[in-house]
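Below is a structure I'd like to ask you about.
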Amino acid sequence: MTQIVKEETAVEVAKRASDYLRGTLNDELENSSPKFDGDSEQLLKFHGIYAQDNRDVRRERSLAGEELEHIFMTRVVVPGGFLTSEQWLAIDVIADSVADGTIRLTTRQAIQYHGTVKGDLRQLARELDEVMMTSFGGCGDVVRNVVMCPDLQASHHDPSHRDQALALATKFRPKTTAHWEIFVDGQLAASRETVAEHAFYGDTYLPRKFKIAIANPGENCVDVYAQDLGLIPGNHPELGEGYTFVVAGGLGRNYAHEHTFARLGEPLAFVPRSDVDDVIAAVLDAYKDLGDRTDRKRARLKYVVADAGLPAFRLEIEQRLGRSLAAPLDLPTEFDRHDHLGWSQHRDGLWRVGVRVAAGRIRDDERTQTRSALRQLATALPVRFYLTAQQDIIIDGITEDERAFVQQALLAAGVRSAEDLGPIEKSALACPALPTCSQALTESERVLSDIVSQFESALETRGLARRPVTLRVTGCPNGCARPAVAEIGIVGRTKSTYDIYVGGSKRGDRLASLAFEKVKVVDLAATVAPLLDAWASSGDENESFGDFAHRRGVQ
Ligand code: SRM
Ligand code: SF4
């Protein structure tokens with residue numbers, strides 16, 4: 001495969017000039033400006049920090065000739081979504097001390113803080129560091145938070161999987177010590193030893209972000225086909241335990257760039273456990289060299305593989321590895337996404353309970369005090385937590401004697417049990433969008449409950465209230481809540497309208513198709529209603545909405 005040689009983007013120039021992600025960040029943190037300059041905003045992302053402004057007051061401030069309200073989003077890396085109770089309590093404290101009082105669980109098992117001001121960024125990094133956590137690598141052109149099905153890590157499953165997410169996160173995290181110097185210590189090391197960066201990163205890191213998820217072979221809660229690299233555990237008849245590697249998925253698309261598209265990952269190879277690190281390093285190395293550094297809209301791995309073809313990409317990896325890859329195992333067919341909600345018991349007798357968090361936003365409000373309940377449980381009991389790729393949280397390690405206490409704490413806080421959740425509410429996802437996301441065209445998180453209510457009443461009036469449907473909303477086609485693989489995907493199109501995609505599968509292995517364009521939020525369910533009618537009248541008994549819509553086709 002040949003390397004693309006065109007003029008590189010300004011971001012590439014900034015990365016190369018940054019001395020391994022330092023740039024002028026240290027100096028800028030010392031000055032009194034509420035924001036960073038252009039290049040620094042790019043470098044900040046590698047440190048898990050996004051420069052944003054409060055879009056709710058953007059217009060009013062501009063009209064008044066005032067400075068925008070500069071705020072920062074920080075994304076905390078949580079490999080496999082696992083947190084100790086001590087870490088959760090620290091996360092909870094930080095939400096008040098330097099953020100907007102909310103804890104935002106992401107679709108990749110990480111945690112986001114919103115609303116931090118520049119002067120508090122170092123304190124945030126230090127408070128995380130005290131509990132062995134970091135935002136470094138939460139964003140930027142590196143391997144992002146490694147996602148893993150929480151059931152693979154729980155004690156009732158194969159314990160050999162338990163630390164895999166953490167091991168990969170550690171192994172593929174950049175080696176530069178810039179973050180700890182600048183944000184944690186508060187000064188650049190006077191005489192630092194030169195730590196050689198990973199060869200697969202070099203001094204310009206990857207062309208774009210790179211996402212890894214480890215799926216449960218029994219269900220696809222992590223959306224393994226949406227990843228740059230998905231690992232599906234399996235047992236090869238000759239090579240033993242390992243993973244089928246699925247490569248080059250990615251869901252982002254851009255209305256202004258027709259050459260962008262959503263793509264599902266394809267099976268590359270079966271990789272025995274002992275070779276996992278080497279093969280990932282070879283994939284990263286190939287991506288580093290072959291990804292398009294001249295156009296960030298088309299720089300993801302999916303475009304490398306789509307352009308060259310999977311066979312050529314496999315050959316490229318084999319050449320870099322110096323050995324051939326084994327053929328992939330058959331992909332799982334029983335793969336419906338599990339929501340991990342409600343109570344279940346481990347083989348060792350301990351219990352866990354998965355709690356639904358609407359749009360991943362943990363806060364206390366008049367109706368629900370989820371944040372307080374989680375704080376109470378983390379303080380009173382030696383529990384641990386798993387975040388899920390559905391923006392929910394699992395409280396794990398509960399003894400039989402503690403069960404009633406946990407149940408009572410959740411009830412008192414107004415947290416609804418899994419059985420009480422509606423058929424769409426249970427698994428609906430929404431990205432943050434307004435007012436923090438700079439890319440948002442429409443609302444998403446803030447209209448999720450209205451959209452869910454619309455669709456649930458549409459199901460109910462058709463006698464379909466017991467038929468769950470996966471619905472996901474985003475404020476733009478970047479697809480952060482993965483609407484492209486939902487049964488119903490609602491995607492911000494213009495300032496006041498959405499496109500509706502239908503026909504994704506519950507297994508996450510089929511892209512939804514564009515069915516309706518430029519629909520106002522109040523009309524969303526009414527627009528899909530004729531399809532729901534058809535599903536009610538002519539769908540097979542056990543046919544999901546997504547399978548029905550796909551079979552029927554979109555006219
Ligand atoms: Fe995302 C950019 C939020 C998962 C595709 N994403 C953003 C930014 C940082 C906006 C920006 O660039 O200025 C959003 C921050 C908004 C805010 O105010 O917090 C943002 N993405 C999120 C989160 C928080 C959504 C959520 O509801 O949880 C998720 C954080 C994940 C994490 O913990 O790392 C999140 N983003 C995803 C996913 C889903 C996934 O990875 O499973 C996707 C689709 C899969 C993929 O990568 O293709 C996704 N986000 C994007 C894209 C499009 C990338 C592309 O290839 O075109 C962007 C835009 C970009 O990178 O330029 C983006
Ligand atoms: Fe922002 Fe778009 Fe991602 Fe939503 S999908 S968080 S609007 S980038």
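The values are calculated or read from the model by the stated rules, or taken from the named source; none is laboratory data. All values derive from a computational prediction rather than experimental measurement. Every residue, glycine as well, gets a Cβ built from its backbone with ideal geometry; the counts of neighbours run over all protein chains shown.
Mind listing just one residue for me: the one in region 98-116 that is outside any strand (DSSP E or B) and touching a helix residue (DSSP H, G or I) at 6+ places or on another chain (Cβ under 7 Å) and, of those, nearest to ligand 1 (Cβ to nearest atom)?
Checked region 98-116; the qualifying residue nearest to ligand 1 (Cβ to nearest atom) is THR106.
Here is a further query. Output the qualifying pairs, or none if there are none: Cβ atoms under 9 angstrom, residues six or more apart or on different chains, first residue in region 303-327 and more than 27 Å from GLY240 (Cβ to Cβ), second residue at pLDDT 95 or above and exposed (fewer than 14 other Cβ atoms within 10 Å of the Cβ).
As it stands, the answer is VAL305/ALA312, since those pairs meet every condition given.
Residue by residue, here is whether (1) modelled with pLDDT of 95 or more; (2) touching a helix residue (DSSP H, G or I) at 6+ places or on another chain (Cβ under 9 Å); (3) of a type outside the set (Lys, Arg) holds:
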site: ARG361; (1), (2), (3): yes, yes, no
site: VAL383; (1), (2), (3): yes, yes, yes
site: ILE395; (1), (2), (3): yes, yes, yes
site: ILE398; (1), (2), (3): yes, yes, yes
site: ASP401; (1), (2), (3): yes, no, yes
site: PHE405; (1), (2), (3): yes, yes, yes
site: ALA428; (1), (2), (3): yes, yes, yes
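Anything in region 341-362 that is more than 16 Å from ligand 1 (Cβ to nearest atom) and either in a loop (DSSP other than H, G, I, E, B) or crowded, with 20+ Cβ neighbours inside 10 Å (or both)? List them, or say none.
Within region 341-362, the first condition is being more than 16 Å from ligand 1 (Cβ to nearest atom), and the residues that meet it are 341-355.
Scanning region 341-362 gives LEU341, HIS346, ARG347, ASP348, GLY349, LEU350, ARG352, VAL353, GLY354, VAL355.
Residue-by-condition table, conditions (1) in contact with a Lys or Arg (Cβ under 7 Å, 6 or more places away or on another chain); (2) away from ligand 2 (no atom under 15 Å from the Cβ); (3) closer than 30 Å to ALA256 by Cα:
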position	(1), (2), (3)
PRO423	yes, yes, no
ARG466	no, yes, no
ARG482	yes, no, yes
SER505	no, yes, yes
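In region 61-84, how many residues are surrounded by fewer than 20 Cβ atoms within 10 Å (Cβ to Cβ) and touching a strand residue (DSSP E or B) at 6+ places or on another chain (Cβ under 8 Å)? Don't jump to the end; show me each part of the working.
Pass one, region 61-84, residues surrounded by fewer than 20 Cβ atoms within 10 Å (Cβ to Cβ): 61-70, 84.
When the remaining residues are screened for being touching a strand residue (DSSP E or B) at 6+ places or on another chain (Cβ under 8 Å), the result is 68-70, 84.
The qualifying residues number 4.
Can you confirm whether GLU487 is buried (at least 23 other Cβ atoms within 10 Å of the Cβ), away from ligand 1 (no atom under 16 Å from the Cβ) and either within 16 Å of the chain's Cα centre (by Cα) or not polar (S, T, N, Q) (or both)?
Yes: the conditions hold for GLU487.
Here is a further query. For residues in region 378-396 being in contact with a strand residue (DSSP E or B) (Cβ under 6 Å, 6 or more places away or on another chain) and more than 16 Å from ligand 1 (Cβ to nearest atom), which is farthest from ALA95 (Cα to Cα)?
In this case the residue turns out to be ASP396.
Between a first residue in region 276-294 that is farther than 10 Å from VAL304 by Cβ and among the acidic types (Asp, Glu) and a second residue that is modelled with pLDDT of 95 or more and in a helix (DSSP H, G or I), which pairs have beta carbons less than 6 Å apart while being 6 or more apart in sequence or on different chains?
Correct list of pairs: ASP277/LYS171; ASP285/ARG320.
Condition test on SER438, is it out of contact with any strand residue (DSSP E or B) (no Cβ under 7 Å at 6 or more places or on another chain) and at negative phi?
no
VAL415 - would you say it is in contact (Cβ under 8 Å) with a residue 12 or more places away in the chain, closer than 26 Å to THR116 by Cα and surrounded by 18 or more Cβ atoms within 10 Å (Cβ to Cβ)? Give the steps one after another, and end with the answer.
Details: in contact (Cβ under 8 Å) with a residue 12 or more places away in the chain: yes; closer than 26 Å to THR116 by Cα: no; surrounded by 18 or more Cβ atoms within 10 Å (Cβ to Cβ): yes.
Taking the combined requirement at face value, the residue does not satisfy it.
Looking only at residues that are under 21 Å from HIS179 (Cβ atoms) and assigned to a strand (DSSP E or B) in region 33-59, which one is farthest from ligand 1 (Cβ to nearest atom)?
Here the answer is ILE49.
Quick check on this structure: which one of THR399, THR442, THR436, THR461 is of a type outside the set (D, E, K, R), more than 16 Å from ligand 1 (Cβ to nearest atom) and over 23 Å from LEU341 (Cα atoms)?
Exactly one residue qualifies, and that residue is THR461.
Would you check which residues across region 117-157 are outside any loop (DSSP other than H, G, I, E, B) and crowded, with 22+ Cβ neighbours inside 10 Å and list them?
Those that are outside any loop (DSSP other than H, G, I, E, B) and crowded, with 22+ Cβ neighbours inside 10 Å: LEU121, LEU124, ALA125, LEU128, VAL143, VAL147, MET148, PRO150, LEU152, GLN153.
Let me ask something else about it. Say whether the condition of being in contact (Cβ under 8 Å) with a residue 60 or more places away in the chain, of a type in the set (Ser, Thr, Tyr), more than 8 Å from ligand 2 (Cβ to nearest atom) and crowded, with 24+ Cβ neighbours inside 10 Å is met by at least one residue in region 427-440.
Checking region 427-440: at least one residue is in contact (Cβ under 8 Å) with a residue 60 or more places away in the chain, of a type in the set (Ser, Thr, Tyr), more than 8 Å from ligand 2 (Cβ to nearest atom) and crowded, with 24+ Cβ neighbours inside 10 Å.
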